[in-house]
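Each remark here refers to the structure printed beneath this line.
The values are calculated or read from the model by the stated rules, or taken from the named source; none is laboratory data. Because the structure is a prediction, the values reported are computed rather than measured. Glycine gets a Cβ as well: all are built from the backbone with ideal geometry, and neighbour counts include every protein chain shown.
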Amino acid sequence: MDISQFELHARIEDTHWWFKARREIIFDQLKEYVPPGKGKVIAEIGCGTGGNLKFLQNYYQVVGVDSSPEAVRYARQRVNCSVFLSDFRDALSGRWHDLDAVILADVLEHIDDHAVFLRDLVTCLKPRSVLLITVPAHAWIWSQHDAILGHKRRYSAKSLRSLWNDLPVTELIFSPFNCLLFPVMVLYRKLKSDANASGASDLNLPSTVVNRLLYRIFSAERLLLKLSSLPWGLSYLAILKKSED
């Protein structure tokens with residue numbers, strides 16, 4: 001990802017509608033399987049500039065890992081927890097038995113060999129621990145936004161699930177999300193990409209009124225996800241549970 005994007009993320013992710021609503025959706029889903037408590041330990045691999053860690057440290061003991069020096073620098077300034085600049089295999093060595101859950105929030109799409117990455121991660125997890133994954137959906141939505149953020153791919157439900165078909169995990173949750181804004185966001189990205197193929201990402205902070213409206217629409221999906229999986233969306237969310245040895 002372009003270095004300028006780390007500065008942008010650190011500056012807006014506490015207030016930007018997409019980051020705020022995604023954090024709340026992640027927490028709402030995670031707490032069903034890992035009840036909040038300071039005795040519970042959550043690791044975020046690919047923690048970026050620390051927005052999720054900053055939120056989740058109010059409910060859990062958290063630790064962050066990222067391979068980008070720029071991301072880790074911002075994260076360490078913003079959160080009161082350990083943030084490691086390292087490959088997760090090294091950073092979490094000796095800690096796996098403590099981890100109740102691991103979060104990969106929009107990480108896999110950045111990894112060249114995502115299958116090996118996920119296999120190695122699942123191998124390290126202790127039995128019955130939880131892995132929460134979010135990724136961008138639908139290759140046909142690919143736009144300049146993806147290129148600027150350093151994405152290697154967007155996923156179909158089939159291509160994402162294929163990554164863990166042969167791994168020792170049970171799928172607890174699988175659903176698209178960012179459903180309610182899906183038509184608007186698809187149209188916006190297509191129009192923006194066609195108009196300016198060398199433009200910026202979509203993550204600029206809109207006006208206060210628009211930001212609040214988009215946040216309320218997106219965050220309402222917390223309630224919908226309690227009822228059932230959603231029919232479509234800009235992203236996928238999955239929660240996996242490591243099998244017993």
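Within region 1-27, being of a type in the set (Ser, Thr, Tyr) and either farther than 24 Å from SER86 by Cβ or touching a residue at least 60 places away in the same chain (Cβ under 8 Å) (or both) holds for one residue alone: THR15.
Restricting attention to region 54-68 and to residues that are within 18 Å of GLU13 (Cα to Cα) and not hydrophobic (A, V, I, L, M, F, W, C), the residue that is modelled with the lowest pLDDT turns out to be SER68. For the residues HIS16, HIS9, the requirement of being at pLDDT below 95 and surrounded by 18 or more Cβ atoms within 10 Å (Cβ to Cβ) singles out HIS9. Just one of the listed residues (GLU32, GLU44) is over 24 Å from ARG212 (Cβ atoms) and not in a strand (DSSP E or B), namely GLU32.
Being among the hydrophobic types (A, V, I, L, M, F, W, C) and modelled with pLDDT of 95 or more is the filter here; which residues of region 205-221 pass it? Listed by number, the residues that qualify are VAL209, VAL210, LEU213, LEU214, ILE217, PHE218, ALA220. Contact map, region 28-53: first residue more than 22 Å from LEU108 (Cα to Cα) and modelled with pLDDT of 95 or more, second residue of a type in the set (Ser, Thr, Tyr) and part of a loop (DSSP other than H, G, I, E, B), Cβ cut-off under 7 Å, separation 6 or more or different chains; pairs are PRO36/TYR59.
When ASN58, ASN52 are screened for being under 23 Å from LEU237 (Cβ atoms), in a loop (DSSP other than H, G, I, E, B) and of a type in the set (S, T, N, Q), only ASN58 passes.
Has region 137-147 got any residue that is in contact with a Leu (Cβ under 7 Å, 6 or more places away or on another chain) and crowded, with 21+ Cβ neighbours inside 10 Å? Yes, that holds for at least one residue. The residue list ALA115, ALA101 contains one member that is among the hydrophobic types (A, V, I, L, M, F, W, C), touching a helix residue (DSSP H, G or I) at 6+ places or on another chain (Cβ under 8 Å) and in contact (Cβ under 8 Å) with a residue 40 or more places away in the chain, which is ALA101. For region 78-98, the candidate set comprises residues that are touching a residue at least 24 places away in the same chain (Cβ under 8 Å) and in a helix (DSSP H, G or I); within that set, the residue that is farthest from LEU125 (Cα to Cα) is ARG78.
One residue alone among ALA75, ALA101 is over 15 Å from VAL122 (Cα atoms) and touching a Ser or Thr at 6+ places or on another chain (Cβ under 9 Å), and that residue is ALA75. Under the condition of being among the small types (Gly, Ala, Ser), modelled with pLDDT of 95 or more and out of contact with any strand residue (DSSP E or B) (no Cβ under 9 Å at 6 or more places or on another chain), the residues counted in region 80-131 number 1. Against the numbered list (1) among the small types (Gly, Ala, Ser); (2) assigned to a loop (DSSP other than H, G, I, E, B); (3) closer than 20 Å to PRO206 by Cβ, ALA10 comes up short only at (2).
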